[in-house]
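Student: Supplied in structure tokens, the structure appears directly below.
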Amino acid sequence: MPDDALRAAESGAAYTAFDRDHPPSADLVSDCVHCGFCLTTCPTYVLWGEEMDSPRGRIHLIGQGLAGEPLSDSMVEHFDRCLGCMACVTACPSGVRYDRLIEDTRAQVERRHVRGVRERALRAAIFALFPYPRRLRLLRGPLLAYRRSGLQKLVGRTDLLRRLAPTIATLESLAPRVRGVPRPSARVRARGERRAVVGMLTGCVQSAFFPDVNSATVRVLAAEGCEVLIPPAQGCCGALSVHNGRRAEAQRFARRLIDVFEQTGMDYFVVNAAGCGSSLKEYDELLADDPRYAERAVAFTAKVRDLAELLVELGPVAERHPLPMTVAYHDACHLGHAQGIREQPRALLRGIPELEVRRIAEAEICCGSAGVWNVLNPGPAADLGDRKAKAVLATGAELLVTANPGCLMQVAAAVRRQGGAIALAHTAHVLDASIRNLDPSTLLSP
Ligand code: SF4
Ligand code: SF4
């Protein structure tokens, strides 16, 4: 679409597809020169080969919306199918800000598009559950009983659950084994000389299903000279909400997190979940129009660090003990593509004596987790998960390491489906085991 037409549309009286509350930017749309370099890294284009399920196609649809086309069901379907993995942002030589375009578009879709009853109910259930760690923790008991009762095996054999309720089946298949780990204290002292005071996000899925990742993170930070502050009232960071167009909800979560942490005197705010980190680094944009929070959000955003990013920035002081094993490192999209953090986790792993890091083929393609995308799109998510599991298993590594709870669950489920076996760990687990001189078998046991 010609630039003039886009700008004319943007300055016109009203859009059909979009309203005037942060519509996607026509300038950003016109940055796309249609070269197609992004296509082969886009998981939905890889799956279906459809132009409108590619980044270039979606940008074209956004342009059509700005030029006056209505927000049709088909347009929404193509936007909904986007995983938000941001592989296209990495691949684009013209620097197109697809991340901004899709986020603004999704907020418009959530406000202006009426979804079917089943879809509305599913989304309402997801957003009444996932951003609330206490509610997620309540699920652990029933899931454990379900596993122990043997019903899980029966359902797996008959595929009954999958046919009756694909979404519940997906959730069930992704849920990791529940581990009883005590919650970390609100303040943990640095070991040795204190080098930094660090606020820490415990997360929703992370704290409910992977509390051992948080415990390992705290131990690693303390061993590296950080005093760690973990206020129990912190709540959700709003990542799932903002990535799904629920901007007002995300803003509420963001304000609360800033309220809880800004008085703590922290030097850094550390995050061990990639999806959360990428949205925390955009609080300044999320709250830019809020007169009470805009400046505070800028100050808060400047302190946000991914765990690996912070550890490399501080430099190691704790001794690393050998871990003779092979690991495959998986780049979570919201760490690699959205935050550009690829080297730091690998540098940390390479800093462990006798540990070999292996490369996963097609590293840029999403595993299909993508927040709650795998719950909303179980079929294609399983296809992407299987593709990733094959690439992971082909490395022959003993351990898969990544930095996002969604990826851990998604790849674990896909590896099981493939009949393969590989142990899984967060980067924090591996560093913790090396610093504490644990036996490698502690990481390799299922
Ligand atoms: S964010 Fe991912 S799924 Fe969406 S258009 Fe870009 S590459 Fe494709
Ligand atoms: S690589 Fe960038 S400029 Fe090229 S088609 Fe994709 S988004 Fe457009």
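Here, each number is a calculation from the coordinates, and none is a lab measurement. Predicted model only: the values in this text are computed from it and were never measured. So basically every Cβ, Gly included, is an ideal-geometry build from the backbone, and we count neighbours across all protein chains shown.
Student: Quick check for me: using +1 on Lys/Arg Cβ and -1 on Asp/Glu Cβ, what's the dipole size of segment 187-312 about its Cα centre, in debye to the nearest 20? Display every interim value, and only then the final one.
Tutor: Values: 16 positive and 16 negative charges, 67 e Å.
For this selection, approximately 320 debye.
Student: Hey, another quick one. How tilted is helix 133-148 with respect to the longest principal axis of the chain? Cα atoms for both, answer in degrees (0 to 90, nearest 10).
Tutor: The answer is roughly 70 degrees.
Student: Could you tell me which residue out of 340, 318, 209 lies farthest along the dipole of segment 184-341 toward its positive end? Charges go on the beta carbon: Lys and Arg +1, Asp and Glu -1, centred on the Cα centre.
Tutor: Selected residue: 209.
Student: Which Cα, out of 280, 66, 327, lies furthest along the positive dipole direction of the chain (beta carbon charges, K/R +1, D/E -1)?
Tutor: 327
Student: When the chain is modelled as a GNM with alpha-carbon springs shorter than 10 Å, which of 22, 321, 243 fluctuates the most?
Tutor: 22
Student: To the nearest 500 deg cm²/dmol, what mean residue ellipticity at 222 nm is calculated for the chain from DSSP H runs of n ≥ 4 alone, each contributing -39,500 (n - 2.57), summed and divided by the residues? It would help to have the intermediate numbers written out before the result.
Tutor: Values: 27 runs with 241 residues, N = 446.
Helix-only estimate at 222 nm: -15000 deg cm²/dmol.
Student: Provide, for the chain, the number of lysine pairs with alpha carbons under 29 Å apart, each pair being eight or more places apart or on different chains.
Tutor: Details: 153/388; 153/390; 281/303; 281/388.
Lysine pairs, 8 or more places apart or on different chains, close enough: 4.
Student: Running a GNM on the chain with Cα contacts under 10 Å, which residue among 202, 264, 44 ends up with the highest mean-square fluctuation?
Tutor: 264
Student: Need one number: % antiparallel among DSSP beta bridges in segment 187-312, to the nearest 5.
Tutor: Values: 2 of 12 bridges.
Bridges in segment 187-312 that DSSP calls antiparallel: roughly 15 percent.
Student: Which chymotrypsin sites (Phe, Trp or Tyr not before Pro) in segment 240-326 sit in a loop by DSSP (not H, G, I, E or B) and have at most 13 other Cβ atoms within 10 Å of their own Cβ?
Tutor: On the way: sites: 253, 261, 268, 269, 283, 293, 300; in loops: 293.
Listed in order of number, the matching sites amount to none.
Student: Within the chain, what is the longest stretch that has no GluC sites (Glu not before Pro) placed in a DSSP loop and near at most 14 other beta-carbon atoms within 10 Å? Write down the numbers at each step before the final one.
Tutor: Values: sites that count: 50, 193, 319, 354, 362.
Here the longest segment lacking exposed loop sites spans 51-192.
Student: Please report, in debye to the nearest 20, how large the charge dipole of the chain is about its Cα centre when each Lys and Arg carries +1 at its beta carbon and each Asp and Glu carries -1 there.
Tutor: With Lys and Arg at +1 and Asp and Glu at -1, about 2100 debye.
Student: Nearest-5 percent of antiparallel DSSP beta bridges in the chain? Can you show the working numbers first?
Tutor: On the way: 2 of 23 bridges.
Restricted to the chain, the bridges split so that about 10 percent are antiparallel.
Student: Taking K and R as +1 and D and E as -1, what net charge do the other residues with C-beta under 9 Å from the C-beta of residue 357 add up to? Before the final figure, lay out each step's value.
Tutor: Working: positive: 346, 350, 358, 359; negative: 356.
Counting the neighbours of residue 357, the net charge comes to +3.
Student: Compute, for segment 3-112, the length of the dipole vector about the Cα centre, with Cβ point charges of +1 (Lys, Arg) and -1 (Asp, Glu) only. Units Debye, rounded to 20. Walk me through the intermediate numbers first.
Tutor: Working: 10 positive and 18 negative charges, 32 e Å.
So the dipole magnitude of segment 3-112 works out to roughly 160 debye.
Student: So for the chain, taking the charge dipole from beta-carbon charges (+1 Lys/Arg, -1 Asp/Glu), which of 268, 90, 353 sits furthest toward the positive end?
Tutor: 353
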